[in-house]
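The values are calculated or read from the model by the stated rules, or taken from the named source; none is laboratory data. Source: prediction; values computed, not measured. Cβ atoms come from the backbone with ideal geometry, glycine included; neighbour counts cover every protein chain shown. When the accessible area is computed, the model is the full protein with side chains, heavy atoms only, and any ligands, DNA or RNA have been set aside. Shrake-Rupley method; radii C 1.70, N 1.55, O 1.52, S 1.80 Å.
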Amino acid sequence: PGYFQVTAATPSSTTCYTTSSGTCFTDGSGNHANNERCTIRVLRSTILRVTQFQTESCCDRLTVNGIIYRGTTGPVNIAVAAGTTIGWSTDYSVTYPGFTICS
């Protein structure tokens, strides 16, 4: 069983998805889109490993344990418990490569 499950994604299922049998989650290849929203549920307690994190520092946000990560500062070595919800949202302009985060 994997560590992550995408429970909501807007505008489509390609906005956020899991990779490596649910061991990682990403906003996809290339730059993220405008107005993305997704929710990722942690299925098993783990420590987050960031393999890529580059977002717009003012306006895009990944929220983990109530802490907002943006720019090039991702949730490195952050412990998350099973049941934790991780949120991702982008604004309406300027796109960056986004993120890939693994267990």
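Could you compute the net charge surrounding T23? Neighbours are other residues with a C-beta less than 15 Å from the C-beta of T23; K and R count +1, D and E count -1. Local net charge: +3.
Working note: Karplus 6.51/-1.76/1.60 with θ = phi - 60° gives region 21-38 the couplings 6, x, 7, 10, 9, 8, 8, x, 7, x, 6, 5, 8, 7, 6, 7, 9, 8 Hz, where Gly and Pro are set to x. In µm²/s, what is D for the chain at 10 °C and 1.306 mPa s, where D = kT/(6 pi eta Rh) by Stokes-Einstein and Rh is the Kirkwood radius from Cα pairs? Translational diffusion coefficient: 121 µm²/s.
Computed over protein heavy atoms with a 1.4 Å probe, the carbon and sulfur contribution to the accessible area of the chain reaches 50%. At a probe radius of 1.4 angstrom, the accessible area of the chain per residue rounds to 49 square angstrom. Taking every C-alpha pair closer than 8 Å and separated by at least 6 residues, the mean separation divided by the residue count of the chain gives a relative contact order of 35 percent.
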